[in-house]
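In what follows, a structure is listed as structure tokens, so that the remarks can point back to it.
A short reminder: the numbers here are calculations on the coordinates, not readings from a lab. Everything numeric in this text was worked out from a predicted model, so none of it was measured. Cβ placement follows ideal geometry from the backbone for every residue including glycine, while neighbour counts extend to all protein chains displayed.
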Amino acid sequence: MTTVPLPWPALHIGLDGIWLADGDGARRVDRQAAIRLLADTPTLLINAPLVASKLGYPEAAGLDVLELFAFVHPARFAVPTVHGLAAFLGLESAHDGAAEAKLLRAVTETLLAQTEGGKWDRAGGAWNTARALSRLKWPWAPAVLAALGEPQGHDRSVFTSLPKWEEGAPPVPVREVEISGEDAADRLAQLTGSGAEERPGQRAYTAAAAAAFRPREVRDAPNVVLAEAGTGIGKTLGYLSPASLWAERSGGTVWLSTYTKALQRQLDHETERLYPDPRVKAARVVVRKGRENYLCLLNLEDAVQGGFAGRAGMFAQLVQRWAMYSRDGDMVGGDLPGWLSGLFGKAARASLTDRRGECVYAGCPHYRRCFIEHAVRGTADADLVIANHALVMVNAVRGKSEGRGLKRIVFDEGHHLFDAADSAFAMALTGGEAIEMRRWIIGPEKRSKGRRRGLAARLGDLVAFDSEGAMLLEDAVHTAAVLPADGWLSRVVEGSPEGPVERLLAAVRAQVFARADAAETGYGLETEVVALQPALIDAADVAARALEAIAVPLARLSQRLEALVEEAPDWLDGAGRARVEGALSGLTWRRGMIGGWVQLLARMGGAADPDFVDWLTLERIDGREIDVGIRRHWLDPTKPFAEAVLKQSHGAVITSATLRSRITDDTAPDADWRDSEARTGASHLPLPPVRFSADSPFDYARQARVLIVTDVQRGSVPALAGAYKALISASHGGALGLFTAISRLRAVHARIEESLAREGLPLFAQHIDPVDAGTLVDMFRADPAASLLGTDALRDGVDVPGDSLRLVVLEGVPWPRPTVLHAARRAAFGGKTYDDLIASGRMAQAFGRLIRRASDRGTFVLLGAAVPSRLCQAFPDGVTVERVPLENAVRIVREMSSPTRNLPMTPGATSGISAAT
């Protein structure tokens, strides 16, 4: 491999300043010089949006080395920093600004050298992609084409090289088998291997989980196991043991459902113990997500054939490279690096997935190669399907039963089932939802090249031979014209709505503003459905009749399409039948949505339904209105979850490290379990669940300190920032700071970032750094000196064992937001105790980020003088909770933290942001 000499110098923004490196060495430059350089010279950047943010120069652009990496190594991941790329390439790192600027040039030289002659392991398709990128003026194209040279024979295309799925035989009936606790424990021993550490808690957990795999004895009465397993028990292998054994013996499929993508990835990795041969694992284990996560090949074809221009077109070409090597086409949390979408904007990624139910199924020329169809068909024969709570519940709502159905389910992160069900079984009649319905029926007003959208576009040629079907299709499209069209929000805000649904939305908006607090200027507004204005009630009645008029032809069209499938006329071939069945599935779901909307509008002038909470909402971001409408949630969403999911299964394991509540006014010995049963839906089942708990094996009294800081003034941003600065400095980084409000996170970050940088302590921040949350965690994990600030998304599912995380700081008690929905549930589920239940659960999850293995040590700090003592029960037994002033907290944190300066940096770590010119 020949090193390619670079004509460009390198710019690195480090903690010790801005450095410029060229063939003569490296020197420090000021911000203005850096901006002039970026404006006037072709520039190599590592993460251009982040560099632009650091410099305060939004136009910063050029030769982003991350884009080159994505081209050379599609479907491979590296931490998106100069040290992350160096670690991937096997280059030795150095950790001062001058050396890092030079390292950036070495990384670039190595990547270009790897492409020489087009003979590296992922060269297939590279030449065609590079040529297409050249036409789009991709800055890297000249250098890449020069390195590739002439094409070697016929270059591959993603649209012809992806494998086709084959139709399989119908699944055989699942055999009834019983898995004993002893059988499951034996499988666990096989997975952990001989000589493994004896873990009695894990063995007991495995035996308990096996009860969910007994044959069901009573209809609608599944065998449910509620299993709480403290961190370190090893619950993943604990439930994989009986699950895999049952799948093998019964010929059935076990669905493993999680709440976070991080745990999905972890589960996927753990199944390698079961199936060490990658080919066997690929057949036996399938990772499933919602359709909106997967690349749509038809959208990609539209994009690369001219549908996308400029930066969006470059992204499409790099995605085409990735798709040729991707395991499953998952663009969100799969093997497409999260940072790649961030370089081009999330909107470009969203345009390449199927987000609006627009799939034409067999009408698509890429149907047999479709990533989603591969995953669906893989589910039919898989032993284990790794999914998420949302997909499991949405499939239940839409009546889908894939493969051998949801007969056995493991719900990991079971403490989130209430929230997941709350989203899955909710309903909303808003402008955003209504325009999506219009686009599904009629199609978008702005036609795109090549893509068939709307019912008429997808079914018109099929029903052309059927006069009744053609007439019903025309009626459906005609009646749907009353739904909001493009520009609806502007018309509603300006007081000139068009059509019955837009007039309803305008009346909703007027009602919300009539009751809004004048001080609430920048945030979303909401109000209860009580004593509504007559104008709103009248508008709801008119809109309901208009929606009913849409539902009638849709229902008749569904009946006609069902008849066509049954009659199977000569002109309806196999591909056409598949298209009809796909349209039927979408029609059934959307007819249900419209029916729900009509019921919701009937509520506007009628009595409340005690099972539901209804409210009017105006959604805003930074004062900008984005949506308006009416929302309905179940008061207890575990009721429909129990009916649609649990009762249809034969057995389920619901597990978590924080499944039970320790906060209750009830003195009964099983009060904590009854709270768990209520929050998971188990209380709505005919038979009681099996209960199991195992405490964490960690010595929390030795490994962790919990401090409540009593002298930080509530509501004072300077005091809050001062506390975070002092604590992070004392721990020498390695801190996870959690906030309950984005505005306070931003204010604190702005006050402390620069001073921490002067101490050599990088600070990353969700909602500020233009990087997705998963990549921020990767960057944080890689550097023991770094700290990370974030909100709810970082409180759960973040697994950073070792010295990279040794301090967790919570800005205050994470009380639930005082919304209309929360007020209703608070009144129904125990008042103050319900608030305590939610807050303590969040505190327990936040504490759970701190100690992930037996060698970890750290400090958990809660800033708040008036933290109720009862909430301290959220922490593990053995942990002493100390109320101390900030000065004492800083001293304790310093004692508990290992100085980062004496620790070797993890491969891939970084102490700054890089760019090159």
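What is the P(r) of the range 288-359, as percent of Cα-Cα pairs per 10 Å bin from 0?
21, 60, 18, 0
Measuring from label point to label point, each 7 Å out along Cα→Cβ, what is the Ala568 to Ala146 span in nm?
6.3 nm
What is the order of Lys235, Lys725, fewest Cβ neighbours within 10 Å to most?
By the 10 Å Cβ count, ascending, the order reads Lys725, Lys235.
Work out, step by step, the length gained on full extension between Arg273 and Glu445: first 0.36 nm times the residue separation, then minus their alpha carbon distance; give nm to one decimal.
Additional length available on full extension: 56.8 nm.
So what are the radius of gyration and Dmax for the Cα set of the chain, in Å?
28.6, 83
Restricting attention to the alpha-carbon atoms of the range 628-752, what are Rg (one decimal) and Dmax (integer), both in Å?
21.3, 56
Just grab the label-to-label distance for Glu167 and Arg398, each label 7 Å out from Cα along the Cβ direction, in nm (one decimal).
2.2 nm
Mind putting a number on the dipole of the chain about its Cα centre? Charges go on the C-beta only, +1 for Lys and Arg and -1 for Asp and Glu, and I need it in Debye to the nearest 20.
700 debye
Quick one: net charge around Ala889, please, counting Lys, Arg +1 and Asp, Glu -1 for every other residue with C-beta under 12 Å from its C-beta.
Net of charged neighbours comes to 0.
Quote the FRET efficiency, to the nearest 0.05, computed for Ala309 versus Ile621 with a Förster distance R0 of 25 Å and r equal to the Cβ-Cβ distance.
Details: r = 27 Å, r/R0 = 1.10.
E(calc), rounded to 0.05, equals 0.35.
Taking amide H positions as placed in the peptide plane 1.01 Å from N, state which residues far from Ile18 in sequence (5 or more) or on other chains have amide H under 5 Å from it.
Val29
Of Met604, Met896, Met471, how do they rank once you tally other Cβ atoms within 10 Å and put the fewest first?
Met471, Met896, Met604
Taking Cα centroids, how far is the range 605-682 from the range 142-198 in Å?
Cα centroid to Cα centroid, the span is 36 Å.
For Ala39 and Leu635, FRET efficiency with R0 = 60 Å and r from the beta-carbon atoms, rounded to 0.05?
On the way: r = 57 Å, r/R0 = 0.96.
Calculated transfer efficiency: 0.55.
Please arrange Glu100, Glu270, Glu167, Glu228 by how many other C-beta atoms lie within 10 Å of their C-beta, fewest to most.
By the 10 Å Cβ count, ascending: Glu167, Glu270, Glu228, Glu100.
Scattering from the C-alpha atoms of the range 127-249 alone, worked out with Debye: what is log10 I(q)/I(0) at q = 0.10, 0.12, 0.13, 0.14 1/Å?
Ignoring solvent entirely, the Cα scatterers give -0.61, -0.65, -0.66, -0.69.
In whole angstrom, how far apart do the alpha carbon centroids of the range 813-888 and the range 299-362 sit?
Distance between centres, Cα-based: 40 Å.
If you build the convex hull over the alpha carbons only and average its shadow over all orientations, what do you get for the range 10-156? Give it in nm² to one decimal.
9.0 nm²
Compare the peptides 23-35, 687-699 by average per-residue count of other Cβ atoms within 10 angstrom and give them in order, highest first. Intermediate results must be reported in sequence, preceding the final value.
Working: 23-35: 13.8, 687-699: 17.9.
Ranking, from highest mean packing down: 687-699, 23-35.
How long is the gain from Ser716 to Ala94 if the chain were fully straight, where each residue apart is worth 0.36 nm and the alpha carbon distance is subtracted?
219.9 nm
Extension gain Arg131-Phe513, at 0.36 nm per residue separation less the Cα-Cα distance, in nm?
Stretched fully, the Arg131-Phe513 segment lengthens by 132.1 nm.
Explain nothing, just the number: dipole magnitude of the range 651-803 about its Cα centre with +1 on each Lys and Arg Cβ and -1 on each Asp and Glu Cβ, in debye rounded to the nearest 20.
Rounded to the nearest 20 debye, it is 320 debye.
Which pairs, out of Lys119/Lys164; Lys289/Lys647; Lys261/Lys407; Lys54/Lys281; Lys164/Lys407, put more than 32 Å between their alpha-carbon atoms? It would help to have the intermediate numbers written out before the result.
Values: Lys119/Lys164 26 Å; Lys289/Lys647 23 Å; Lys261/Lys407 23 Å; Lys54/Lys281 43 Å; Lys164/Lys407 29 Å.
Checking Cα-Cα distances, Lys54/Lys281 exceed 32 Å.
For all pairs of alpha-carbon atoms in the range 700-916, what percent lies in each bin of width 10 Å, listed from the first bin to the last filled one?
Per 10 Å bin, starting at 0, the Cα pair percentages come out as 8, 36, 37, 15, 3, 0.
Name the long-range amide H neighbours of Thr43: under 5 Å, sequence gap of 5 or more, or other chain; modelled H, no Pro or chain starts.
Here the answer is Leu63, since their amide H atoms fall under 5 Å of that of Thr43.
When the expected Rg is taken as 2.2 N^0.38 Å, what fraction or multiple of it is the alpha-carbon Rg of the range 445-633? Intermediate values should be presented prior to the final figure.
Working: Rg = 19.8 Å, N = 189, 2.2 N^0.38 = 16.1 Å.
Relative to the 2.2 N^0.38 Å estimate, the range 445-633 comes out at 1.23.
Mind checking the dipole of the range 741-857: about its Cα centre, +1 per Lys or Arg Cβ, -1 per Asp or Glu Cβ, Debye to the nearest 20?
Dipole about the Cα centre, nearest 20: 480 debye.
Need one number: nm distance between label points at Gln599 and Glu887, each 7 Å from Cα along Cα→Cβ, rounded to one decimal.
Label-label distance for Gln599 and Glu887, simple model: 6.3 nm.
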